[in-house]
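Enquirer: Please see the structure below; I have some questions.
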Amino acid sequence: MDAFETVQRFDRSRLEIIGPADCLRLLASVPLGRLVYTHGGLPAVRLVNFVLDDDTIVFSTGQGDKFRAAERGDVVAFEVDDVDAERHVGWTVTAIGHLSVVTDDEAAELRRRLALHSWMPMEEPQLVRLGVESVHGRRLVPWGRRPRSL
């Protein structure tokens, strides 16, 4: 086997396992994701537009629940995906890590460097980051590329 050849790996459901580097590449390829965090002891899911800065997810938020989760340094999940409903193929990537509030000085630099613009109007938007500590992905490939057995 060639040193640059990659071997597809599949899980028990016959979904292709996506490696960390490809997970980050896919994460950067979409503008919207779902932030999964805890609010009042219960799971909460919010759609946010974001950018990927190396291995850090950055997004704007107001002074609400997501900002408070960042102030506390909560562990959260962040999911992105892309699905072709006609062909029954697609992928999903989940990143896990701690939220944090970006300092004002660093926020000014990030706003200059990154194409980060909130899709919704908000007063006094704050930048929040999710340092990706683990990332996992799965891809539903066409039937002909799926293993018949594992």
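The values are calculated or read from the model by the stated rules, or taken from the named source; none is laboratory data. Worth saying up front: this structure is predicted, and the values here are computed from it rather than measured. Cβ placement follows ideal geometry from the backbone for every residue including glycine, while neighbour counts extend to all protein chains displayed.
Enquirer: Residues that are free of Cβ contacts under 8 Å to residues at least 40 places away in the same chain and among the hydroxyl-bearing types (Ser, Thr, Tyr), at least 1 per element: which strands (runs of 3 or more DSSP E) completely within region 4-63 meet that?
Expert: Result: 32-39.
Enquirer: Can you name every residue in region 63-83 that is of a type in the set (Asp, Glu) and over 19 Å from the mean Cα position of the chain (by Cα)?
Expert: Result: 71, single match.
Enquirer: Looking only at residues in region 92-140 that are modelled with pLDDT under 90, under 17 Å from residue 34 (Cβ atoms) and not aromatic (Phe, Trp, Tyr), which one is surrounded by the most Cβ atoms within 10 Å (Cβ to Cβ)?
Expert: Taking the candidates together, the pick is 118.
Enquirer: Considering every residue within region 5-20, establish whether at least one is surrounded by 15 or more Cβ atoms within 10 Å (Cβ to Cβ), under 11 Å from the mean Cα position of the chain (by Cα) and not hydroxyl-bearing (Ser, Thr, Tyr).
Expert: Scanning region 5-20, I find no residue that is surrounded by 15 or more Cβ atoms within 10 Å (Cβ to Cβ), under 11 Å from the mean Cα position of the chain (by Cα) and not hydroxyl-bearing (Ser, Thr, Tyr), so the answer is no.
Enquirer: While we're on this one: Taking the criterion of being under 30 Å from residue 142 (Cα atoms) and aromatic (Phe, Trp, Tyr), would at least one residue in region 84-97 satisfy it?
Expert: Yes: region 84-97 contains one or more residues that are under 30 Å from residue 142 (Cα atoms) and aromatic (Phe, Trp, Tyr).
Enquirer: Does any residue in region 114-130 that is closer than 16 Å to residue 104 by Cβ come within less than 9 Å, Cβ to Cβ, of a residue that is among the aromatic types (Phe, Trp, Tyr) six or more places away or on a different chain, and which pairs are these?
Expert: As it stands, the answer is 116/50; 116/59; 126/67; 127/59; 128/59; 128/67; 129/59, since those pairs meet every condition given.
Enquirer: Now a separate question. Give me the residue from region 47-62 that is within 16 Å of residue 121 (Cβ to Cβ) and under 15 Å from the mean Cα position of the chain (by Cα) and, out of that set, surrounded by the fewest Cβ atoms within 10 Å (Cβ to Cβ).
Expert: 47
Enquirer: In region 25-58, which residues are of a type in the set (Phe, Trp, Tyr) and modelled with pLDDT under 95?
Expert: Once the filter is applied, which keeps residues that are of a type in the set (Phe, Trp, Tyr) and modelled with pLDDT under 95, region 25-58 yields nothing.
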